[in-house]
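For reference, the structure is listed below as structure tokens.
The values are calculated or read from the model by the stated rules, or taken from the named source; none is laboratory data. Quantities reported herein were computed from a predicted structural model and do not represent experimental measurements. Reconstructed Cβ throughout: ideal geometry from the backbone, glycine too, with neighbour counts over all protein chains shown. Just the protein is used for accessible areas: all its heavy atoms, side chains included, with ligands, DNA and RNA removed. Shrake-Rupley method; radii C 1.70, N 1.55, O 1.52, S 1.80 Å.
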Amino acid sequence: TVGAVIILRKKAPEAERPYKVMAYPFLPVVYLCAAIAVMIGQICLSPKFSGAGLLIIFSGLPAYFIWQKKKPA
């Protein structure tokens, strides 16, 4: 979600902003870096459990690509 804020503000700079992000872009970037560090730490410390979680997450990719093909242009 935090990454989406950064991407959407780049793609649609003229869009209405219903909320303001404090210290943008510094704070969202710091948050993303911290979240990535926690994720890497979890993978390194507990690869068995985090690997199972990653398999569950990545199992949704085939469904995503199937629905993208069926989506009207």
For the chain, what is the charge dipole size about the Cα centre, in debye to the nearest 20, if Lys and Arg each add +1 at the Cβ and Asp and Glu each add -1 at the Cβ? 240 debye
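Taking only protein heavy atoms and a 1.4 Å probe, what accessible area per residue, in Å², does the chain have with all protein chains in place? Show your work: numbers first, answer last.
Values: 6530 Å² over 73 residues.
That works out to 89 Å² per residue.
If I compute solvent accessible area with a 1.4 Å probe over the protein chains, what percent of it on the chain is carbon and sulfur? Could the numbers behind the result be given before it?
Working: 4850 of 6530 Å².
Accessible surface attributable to carbon and sulfur in the chain totals 74 percent.
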Debye equation applied to the C-alpha atoms of region 32-73, log10 I(q)/I(0) at 0.28 Å⁻¹: -0.89
Give the label of the value calculated from the structure for P(r) over Cα pairs in 10 Å bins from 0, in percent, choosing from [x] 15, 28, 32, 24, 1; [y] 21, 61, 18, 0; [z] 18, 52, 26, 3. [x]
Per residue of region 30-37, what does 6.51 cos²θ - 1.76 cosθ + 1.60 with θ = phi - 60° give for ³J(HN,Hα)? Whole Hz please, x for Gly and Pro, Karplus curve as stated. 4, 4, 4, 5, 5, 5, 5, 5
Counting helices only, and only those DSSP H runs with n ≥ 4, report the 222 nm mean residue ellipticity of the chain as the sum of -39,500 (n - 2.57) divided by its residues, in deg cm²/dmol to the nearest 500. -22500 deg cm²/dmol
